[in-house]
Amino acid sequence: MAVNLVKGQKIDLTKGRSSLSSVMVGLGWDPVKKGKSGGGFLSSLLGGGGGGAEVDCDASVLLLDANDKLTAKENLVYFGNKTSKDRSVVHSGDNLTGAGAGDDEVITVDLRAVSPSVHKLVFVVNIYQAKQRKQDFGLIQNAFIRLVDNSSKEELVHYDLTDSYAGKTSLILGELYRSGEEWKFSAVGEGTTDVDISSIANKYA
């Protein structure tokens, strides 16, 4: 049974699960229904509830060293680079709208294959061309991140982001990190105003 986390909570994934070797990280979100706001800021972005461009959210992973640094461009995994340098992290591909139930984008992590130099994996979602399209996460609802044991298909962790992220263009959903011989997960749920994956990556340069 999955553990439902709240913002700031941490959990040890591998303690008591010596066989855990690979996890599927599912990330999901839904567009706010057009016209739901009844006017104001959100309605104006959507053209008064009558249209507006689809919100294209992109999931990415930054593989960081012990100093929280991104030391190789191949350790930024996103739709333009779907496999990490050590081949431990694989991105399933881009979902352009977020429509429909379930995971919108899926990232697989082979824990056994993660390079010893990598100590933390940061999972991020940003809005593609947010500045040009004048979009932010006020247009998105029901964002979540979940981790599933790839072998048993058991959902281990589920974290629903419940804060308001209006005005934010990127979200740091969670972190998968080493703690000695164990792997732990932290529910972060922080919004930023980074407008693309490059500006996010530059924070860890």
Checklist entry - Given the pairs Lys15/Lys184; Lys134/Lys168; Lys73/Lys153; Lys10/Lys120; Lys7/Lys69, which span a C-alpha to C-alpha distance of over 20 angstrom in this model? => result Lys73/Lys153; Lys7/Lys69
Item to check | Net charge over other residues, Cβ less than 10 angstrom from the Cβ of Lys10 (K, R count +1; D, E count -1) | outcome: -1
Checklist entry - What are the residues whose amide H is under 5 Å from the amide H of Ile140, where those residues sit 5 or more places off or on another chain and H is modelled from the backbone? => result Val32
Checklist outcome for this item: Any aspartates and glutamates whose Cα falls less than 14 Å from that of Lys33, other than same-chain ones fewer than 8 residues away, would be Glu54
Checklist entry - In debye, nearest 20: dipole of the chain around its Cα centre with unit charges on the Cβ of K, R (+) and D, E (-)? => result 220 debye
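Values in this text are rule-based calculations from the coordinates and carry no lab data. Predicted, not measured: the structure shown is a model, and the values here were computed from it. Don't worry about glycine lacking a Cβ; one is built from the backbone with ideal geometry, like all the others, and counts go over all protein chains shown.
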